[in-house]
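The values are calculated or read from the model by the stated rules, or taken from the named source; none is laboratory data. This one's a predicted model, so the numbers in the text were calculated from it and none came from an experiment. Because the Cβ atoms are built from the backbone with ideal geometry, glycine has one as well, and the counts that use them run over all protein chains shown. These accessible areas exclude ligands, DNA and RNA; they are computed on the full protein's heavy atoms, side chains included. Shrake-Rupley method; radii C 1.70, N 1.55, O 1.52, S 1.80 Å.
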Amino acid sequence: MIDINAAIRDLSWHREPLGLYEPIAYALEGGGKRLRPTLAMIACRMYDGNEEQTLPVALALEIFHNFTLLHDDVMDHAPVRRGRPTVHVRWDDNTAILSGDQMMTEAYIRLESVDPARLPRVLHIFNRMATDIWSGQQLDMEYEHRENVTIDEYIEMVRLKTSVLLGTALQLGALMADAPEPDQQLLYRIGERIGLAFQIQDDVLDVWGDECTFGKRIGGDIVQNKKSMVQIMALHHADAARKKELHEWLHRETFDEAEKIREVTRLYNEIHVRPLCDERIAAYTNEAMGYIEQLPLPVEKKTELIDIARKLLNRKN
């Protein structure tokens with residue numbers, strides 16, 4: 001079994017100009033769950049595929065994912081990622097943008113080694129994923145300026161911005177093992193559902209998580225008025241008085257950050273938002289489990305995928 005972390009460490013970024021490549025090394029050395037490449041390799045193993053041939057695809061997914069984080073952190077003015085200063089904070093915005101651009105290129109360079117028989121299909125799926133992610137990011141930016149965003153609109157944005165990467169990881173891993181097309185599509189849906197549960201859990205942890213284990217500042221979404229499942233659920237379920245108070249905090253131009261985090265969190269607790277979000281997480285996880293059961297494979301072939309889906313439901317970071 002290939003060690004994904006070791007494979008990422010083996011990537012060499014000691015190139016000129018250092019100002020372009022050092023931030024890439026910094027971003028990839030920052031840890032993370034390696035969820036996308038892990039899912040690709042799990043799907044490959046489920047169909048007894050060649051892990052060495054699948055590794056470039058897995059690495060391309062991880063590099064691409066981290067590239068999106070560099071740009072996302074610039075857009076969100078995020079100060080911390082995985083417990084360390086973000087690239088745009090440690091260097092500057094221009095560096096984060098340009099190094100991110102090179103990371104996207106590096107992802108496609110990895111795909112150059114895919115065998116010619118599979119490459120057109122791999123590129124088609126990879127490019128569809130990228131287009132969906134850009135669409136999701138655009139919706140995310142647009143929603144920041146909208147007063148009312150529905151739960152369904154938010155879920156679709158998350159599906160595009162986050163979930164498609166997980167679905168693509170499973171689909172490509174299966175494709176590299178020559179899995180039947182219906183199985184590939186089913187695995188894509190599994191990844192989508194895992195991704196939805198993952199992002200809502202991320203929204204929950206941003207409010208109620210432990211900063212030491214979460215790796216990002218707790219309350220960052222609250223400070224930035226970022227649309228999240230927690231905020232949208234709160235506005236949807238709050239009584240008139242609490243909705244009015246929440247709106248006042250969301251529209252306050254000057255505030256003490258610690259006070260805003262404390263007061264908005266209090267409102268979320270009074271509205272009982274967390275159980276509502278937990279129900280959504282459980283529902284999407286159960287949907288993923290149902291799709292896994294539909295895969296026409298022996299149970300032992302599906303154990304890895306089942307285990308990782310369950311771990312994500314109970315994650316702390």
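Where a Cα-Cα gap under 17 Å defines reach, which aspartates and glutamates qualify for K301, not counting those fewer than 8 residues away within the same chain?
Filter leaves D48, E51, D178, D183, E293.
Over the chain, give the accessible area per residue in Å² for a 1.4 Å probe, as an integer.
On the way: 14240 Å² over 317 residues.
Heavy-atom accessible area per residue stands at 45 Å².
Nearest 10 degrees, 0 to 90: what angle lies between the long axis of helix 273-294 and the longest principal axis of the chain (Cα atoms)?
For 273-294 against the chain, the angle is about 20 degrees.
Expected output is a single nm value to one decimal: the length gained when fully extending between H272 and L11, i.e. 0.36 nm times separation in residues minus the C-alpha distance. What is it? Could you put the intermediate results ahead of the total?
Numbers: separation 261, 0.36 × 261 = 93.96 nm, distance 4.58 nm.
Computed gain between H272 and L11 is 89.4 nm.
Take every Cα pair under 8 Å in the stretch 92-227 that's 6+ residues apart, average their separations, divide by the length, and report that relative contact order as a whole percent.
Numbers: 109 pairs, mean separation 26.5, N = 136.
Relative contact order of the stretch 92-227: 19 percent.
Under a point spin-label approximation (7 Å from Cα along Cα-to-Cβ), what is the S135-A25 distance to one decimal in nm?
Distance between the two pseudo-spin positions: 3.9 nm.
Once the Cα gyration tensor of the stretch 101-205 is found, what semi-axes does its equivalent ellipsoid get, as square roots of 5 times the eigenvalues, in whole Å, sorted largest first?
Values: eigenvalues 156, 57, 23 Å².
Semi-axes, largest first: 28, 17, 11 Å.
Bins of 20 Å, beginning at zero and ending with the bin holding the largest distance: percent of Cα pairs per bin for the chain, please.
Result returned by the calculation: 32, 57, 11, 0.
Using only the Cα atoms of the stretch 1-47, build the gyration tensor, take square roots of its eigenvalues as a ≥ b ≥ c, and label the shape rounded, prolate or oblate: rounded if a/c is under 1.5, else prolate if a/b is larger than b/c, else oblate.
On the way: a/c = 3.32, a/b = 2.55, b/c = 1.30.
In terms of gyration-tensor shape, prolate.
Over the heavy atoms of Y47, what accessible area does a 1.4 Å probe trace out, to the nearest 10 Å²?
Accessible area of Y47: about 40 Å².
Pop a pseudo-label 7 angstrom from the Cα along the beta-carbon direction at both A117 and E153 and give the gap in nm to one decimal.
According to this spin-label approximation, the distance is 4.8 nm.
Translational D (Stokes-Einstein, µm²/s) of the stretch 126-166 at 10 °C and 1.306 mPa s when Rh comes from the Kirkwood sum over C-alpha pairs? Write out the running numbers ahead of the final one.
On the way: Rh = 10.2 Å.
Value of D from the Cα-based Kirkwood radius: 156 µm²/s.
If you stretched the chain out fully between R217 and R84, how much longer would it get, using 0.36 nm times the residue separation minus the C-alpha to C-alpha distance?
Values: separation 133, 0.36 × 133 = 47.88 nm, distance 1.02 nm.
Stretched fully, the R217-R84 segment lengthens by 46.9 nm.
Using alpha carbon centroids, what distance separates the stretch 171-196 and the stretch 75-103, in Å?
The stretch 171-196 and the stretch 75-103 have Cα centres spaced 31 Å from each other.
For all pairs of alpha-carbon atoms in the stretch 1-123, what percent lies in each bin of width 10 Å, listed from the first bin to the last filled one?
Going out from 0 Å in 10 Å bins, the stretch 1-123 shows 13, 43, 31, 12, 1 percent.
Lysines near K161 by alpha-carbon distance under 25 Å, same-chain residues fewer than 8 away left out - which ones?
Within reach: K33, K216, K226, K227, K311, K316.
Between exposed GluC sites (Glu not before Pro) in the chain, where DSSP calls loop and at most 14 other Cβ atoms lie within 10 Å, what's the longest gap?
Details: sites that count: E29, E112, E144, E147, E253.
The answer is 148-252.
Which net charge results for the neighbourhood of V204, defined as the other residues with beta-carbon distances under 9 angstrom from its beta-carbon, given Lys and Arg at +1 and Asp and Glu at -1?
Numbers: positive: R274; negative: D202, D203, D206, D278.
Around V204, the surrounding residues sum to -3.
Measure nothing fancy, just the Cα-based angle from helix 257-271's long axis to the longest principal axis of the chain, in degrees from 0 to 90, nearest 10.
90 degrees
Contour minus end-to-end for E300 and E259, with contour as 0.36 nm per residue of separation and end-to-end as the Cα-Cα distance? Write down the numbers at each step before the final one.
On the way: separation 41, 0.36 × 41 = 14.76 nm, distance 5.05 nm.
Full extension from E300 to E259 adds 9.7 nm.
Considering only protein heavy atoms and a 1.4 Å probe, what is the carbon-and-sulfur percentage of the accessible area of the stretch 93-140? Please report the intermediate quantities before stating the final value.
Numbers: 1390 of 2280 Å².
Of all accessible area on the stretch 93-140, carbon and sulfur atoms account for 61 percent.
DSSP loop chymotrypsin sites (Phe, Trp or Tyr not before Pro) in the stretch 133-240 with at most 14 other Cβ atoms within 10 Å of their Cβ, which ones?
Values: sites: W134, Y143, Y154, Y188, F198, W208, F214; in loops: none.
Passing sites in the stretch 133-240 do not exist.
Starting from the Kirkwood radius over alpha-carbon pairs of the stretch 244-310, derive D by Stokes-Einstein at 4 °C in a medium of 1.567 mPa s and give it in µm² s⁻¹. Provide the component values of the computation, followed by the final result.
Numbers: Rh = 15.2 Å.
After rounding, the answer is 85 µm²/s.
Nearest 10 degrees is fine. How inclined is helix 181-208 to the longest principal axis of the chain, computing both from alpha carbons?
Its long axis makes an angle of about 30 degrees.
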